[in-house]
Amino acid sequence: MNEVKEALRTVEQHYKLFLQQQFTFIAALQHTRENAHDTIRPVASISQVQSYTDHYCNNSTDRRILNMFLNICNDLSKLCHKLEAVHPGNGTTNGILERCKLLLSHSNDLSTIRAKYPHDVVNHLSCDEAKNHYGGVVSLIPVVLDCMKEWLSHTEKLPRHVLHN
């Protein structure tokens, strides 16, 4: 369990660095969307960000921040598998873990998810950006981190013998 907590802390540290560069991330998405001639539809999936990075990214700053986002998503996916290995789960924890996996699925449509208070990632976007283009993609990591913390909280409340069986 300590290994899981440490991995979660590491991801949170990476996310804090990423969060400080949110405007760079939005600018990189904007540049790559323009290069892809894809400015109408929202950035709605991890695979879309991956495609922009692989095929439409022209500078190292954009590539670095887009890869940072993709790496954090990948780390969160690995952490999901660690969570499963640590604890077989009950109805509540399995539901939380399934939500995490669904959110981190590369083809999952993120356009409707929004991070809620205390996360203010969406507040840093203009109204148009938040509603129409980037609200889901900037909300993904904080929403998944919240789910993982919720999983941890539920798991720690379980009796010790349940965790070891």
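The values are calculated or read from the model by the stated rules, or taken from the named source; none is laboratory data. Worth saying up front: this structure is predicted, and the values here are computed from it rather than measured. We place every Cβ from the backbone using ideal geometry, glycine too, and count neighbours over all the protein chains shown. Surface accessibility is based on the protein's heavy atoms, side chains included, excluding ligands, DNA and RNA. Shrake-Rupley method; radii C 1.70, N 1.55, O 1.52, S 1.80 Å.
What size of dipole, in debye to the nearest 20, comes out for the chain about its Cα centre when the only charges are +1 on Lys and Arg C-beta atoms and -1 on Asp and Glu C-beta atoms? Walk me through the numbers before you get to the answer.
Values: 17 positive and 17 negative charges, 63 e Å.
Charge dipole of the chain: 300 debye, to the nearest 20.
A full extension of the chain between Phe23 and Thr10 corresponds to an added length of 2.5 nm, given 0.36 nm per residue minus the alpha carbon distance.
Peptide packing: for 82-90, 136-144, the average count of neighbouring Cβ atoms within 10 Å per residue gives the ranking 136-144, 82-90, highest mean first. By accessible area, using a 1.4 Å probe on protein heavy atoms only, the chain has 52% of its surface on carbon and sulfur.
For the chain, what is the calculated [θ] at 222 nm in deg cm²/dmol (nearest 500), taking -39500 (n - 2.57) for each run of four or more DSSP H residues and dividing by its residue count? Intermediate results must be reported in sequence, preceding the final value.
Numbers: 7 runs with 112 residues, N = 165.
So the calculated ellipticity at 222 nm is -22500 deg cm²/dmol.
Which residues does the label zone of Asn71 cover in region 1-37, counting backbone N under 19 Å from a point 7 Å along Cα→Cβ? Label zone hits: 6-29. Looking at the chain, the accessible area is 53 square angstrom per residue; that uses a 1.4 Å probe and ignores ligands, DNA and RNA. Largest mean-square fluctuation among Leu104, Leu152, Leu29, in a Gaussian network model of the chain whose springs join Cα atoms under 10 Å apart, belongs to Leu152.
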